[in-house]
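Peer 1: This is the structure I want to talk about, given as C-alpha cells.
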Amino acid sequence: VILQKILKMVKIGNIELPEFPLLLAPMEDVSDPPFRRLCKTHGADLMYSEFISSEGLIRDAIKSRMKLDIFDYERPVGIQIFGGDEEAMALSSKIVSAVKPDLVDINFGCPVKKVVCKGAGAGVLKDVDLMVRLTKAVIRSTDLPVTVKTRLGWDDSSINIDEVAERLQDIGVQALTIHARTRAQMYKGHSDWSHIARVKNNPRITMPIFGNGDIDSPEKALKYKNEYGIDGIMIGRAAIGYPWIFNEIKHYFNTGEHLPSPTVIDRVEAARNHLQWSMDWKGERLGIVEMRRHYTNYFKGIHSFT
C-alpha cells in the first residue's frame with residue numbers, strides 16, 4: 001500500500017505531492033500569507049503567492065517585496081512572477097530564489113489589460129518564442145523547480161496550448177497549470193477542459209498537468225478528474241471566503257459523501273482568524289482595512305444574514 005502511494009505521488013522536481021493534489025491559485029490581493037494559512041489548514045496541498053511584477057521586484061517596490069513573505073507552515077509554496085523582459089525576469093528569479101520558496105512559477109495567463117499591455121501575462125501567448133526566452137531566463141537563474149501557469153491561447157482562433165506545453169517542457173519546465181479559457185474570454189463564458197485533456201494525453205508530455213477554471217464543487221472536481229485525466233486541479237475563486245472546499249473535495253473523493261457544510265460559527269472563526277493573521281502580518285490598521293473586502297465572502301449564501 002505504501003509503495004502504491006509513492007508510485008501515485010505527483011512530483012515537481014524534488015517536491016512530492018499526494019496523488020491528485022489540490023492547488024490554491026495565485027490571486028492578486030487574495031493569496032497573501034493569512035489567506036494561504038487558512039487554505040493550508042483546510043487541505044490545500046500546494047499554494048502560490050500573489051503574482052509579483054519582475055520590474056517591481058527589481059525597483060524594490062515595497063508591495064512587491066512584501067509578497068515574497070513565506071512561512072514554513074505553508075510549504076510546499078511557490079512564488080509567482082510575471083514580466084515581459086528577459087533580463088528583469090532573470091534578476092527577479094534570483095531575488096525570489098533567495099527567500100527559498102519550494103518553486104518559482106511564471107504567470108503567462110493573467111488577462112488583465114495593464115499586465116497584457118506590458119507584453120506580460122497572457123500577452124505572451126501571442127509570441128511563443130518570447131515565452132520560451134523568458135522561461136529560459138528564469139530557469140537559468142535559479143536552482144529551484146520552475147513551473148508555468150497559462151491559458152489555452154490568445155483567442156479561439158489562436159489556441160496554441162499544445163505547442164506551448166511541448167516547448168516549455170523541452171526547456172525544463174517541471175509542471176504546467178492551464179486555465180481552460182483564452183485571454184479573450186477573460187473569466188467569462190464556458191471553460192473548455194478538452195484542450196487540457198489533449199495536452200495531458202500527448203505521449204510527449206511527461207510533466208504534471210494541472211487544470212484550472214470553474215471548479216466550485218466536489219462533484220465537479222471528481223467529474224473533471226475522471227473525464228480529463230489531469231494530475232491535479234488548481235482552485236481559485238471558489239476558495240475565496242470558502243477555504244473548506246479543499247477538504248470537502250478530498251472527503252468526497254475518498255468516501256463519495258459530503259462533509260457537513262461549515263456552520264455560522266465555523267465561518268465566524270475563519271473570518272476572525274483571517275483578520276487576526278492579517279493584523280499580525282500587515283500591522284493592525286492595514287490588516288483591518290484590507291480585511292473588509294473579505295467579510296461578505298465568508299457569509300454569502302446564508303439566508304437573511306446581514
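The values are calculated or read from the model by the stated rules, or taken from the named source; none is laboratory data. Since this is a predicted model, take the numbers as computed values, not measurements. Cβ coordinates were reconstructed from backbone atoms using ideal geometry, including for glycine residues, and neighbour counts include every protein chain displayed. Just so you know, the surface numbers come from the protein's heavy atoms only, side chains and all, with ligands and any DNA or RNA stripped out. Shrake-Rupley method; radii C 1.70, N 1.55, O 1.52, S 1.80 Å.
Peer 1: Looking at segment 256-279, which of the residues that are among the small types (Gly, Ala, Ser) and assigned to a loop (DSSP other than H, G, I, E, B) is modelled with the highest pLDDT? Before the answer, list the steps.
Peer 2: Of the residues in segment 256-279, the ones among the small types (Gly, Ala, Ser) are 256, 261, 270-271, 278.
Filter again for assigned to a loop (DSSP other than H, G, I, E, B), leaving 256, 261.
Working: Gly256: 94, Ser261: 91.
Result: Gly256.
Peer 1: Select from segment 78-90 the residues that are aliphatic (A, V, I, L, M) and buried (at least 24 other Cβ atoms within 10 Å of the Cβ) and list them in ascending order. Steps first, answer last, please.
Peer 2: Taking segment 78-90 first, the residues aliphatic (A, V, I, L, M) are 79, 81, 88-90.
Within segment 78-90, Ile79, Ile81, Met89 qualify.
Peer 1: Yes or no: Ser217 under 19 Å from the mean Cα position of the chain (by Cα) and over 23 Å from Arg36 (Cα atoms)?
Peer 2: Numbers: under 19 Å from the mean Cα position of the chain (by Cα): yes; over 23 Å from Arg36 (Cα atoms): no.
No; evaluated as a whole, the condition is false for this residue.
Peer 1: Separate question: What pairs come out if I take residues in segment 78-104 that are touching a residue at least 24 places away in the same chain (Cβ under 8 Å) and pair them with residues that are among the aromatic types (Phe, Trp, Tyr) and in a loop (DSSP other than H, G, I, E, B) whose C-beta lies under 8 Å away, six or more apart or interchain?
Peer 2: Going by the 8 Å Cβ cut-off, the qualifying pairs are Gln80/Phe51; Ile81/Phe51; Phe82/Phe51.
Peer 1: Can you find even one residue in segment 10-25 that is β-branched (Val, Ile, Thr) and more than 20 Å from Ala221 (Cα to Cα)?
Peer 2: The initial filter retains those residues of segment 10-25 that are β-branched (Val, Ile, Thr), namely 10, 12, 15.
Next, from what is left, pick out any that are more than 20 Å from Ala221 (Cα to Cα): 12, 15.
Within segment 10-25 (the criterion being β-branched (Val, Ile, Thr) and more than 20 Å from Ala221 (Cα to Cα)), the answer is yes, since at least one residue qualifies.
Peer 1: Cβ-Cβ under 8 Å, sequence separation 6+ or interchain: first residue in segment 148-168 and modelled with pLDDT of 85 or more, partner basic (Lys, Arg) and assigned to a loop (DSSP other than H, G, I, E, B). Which pairs?
Peer 2: If the second residue must be basic (Lys, Arg) and assigned to a loop (DSSP other than H, G, I, E, B), the pairs left are Arg151/Arg181; Arg151/Arg183; Leu152/Arg181; Gly153/Arg183; Glu166/Arg204.
Peer 1: Give the residue, chosen from Leu286, Leu222, that is assigned to a helix (DSSP H, G or I), among the hydrophobic types (A, V, I, L, M, F, W, C), over 30 Å from Ile171 (Cα atoms) and touching a Ser or Thr at 6+ places or on another chain (Cβ under 9 Å). Let's see the steps before the verdict.
Peer 2: Working: Leu222 fails: touching a Ser or Thr at 6+ places or on another chain (Cβ under 9 Å).
Matching residue, one of Leu286, Leu222: Leu286.
Peer 1: Working carefully through the options Asp155, Asp129, find the one that is open to solvent by 10 Å² or more (accessible area, probe 1.4 Å), more than 19 Å from the chain's Cα centre (by Cα), farther than 22 Å from Asp85 by Cα and not β-branched (Val, Ile, Thr).
Peer 2: Details: Asp129 fails: farther than 22 Å from Asp85 by Cα.
One residue alone meets the criteria, Asp155.
Peer 1: Continuing with this model, one more query. Filter segment 165-219 down to residues that are in a helix (DSSP H, G or I) and open to solvent by 40 Å² or more (accessible area, probe 1.4 Å), then give me how many there are. Please lay out each step first, then the result.
Peer 2: Going residue by residue through segment 165-219, those that are in a helix (DSSP H, G or I) are 165-170, 194-201, 218-219.
Filter once more, keeping what is open to solvent by 40 Å² or more (accessible area, probe 1.4 Å): 166-167, 170, 194, 198, 200-201, 219.
Looking only at that region, the number is 8.
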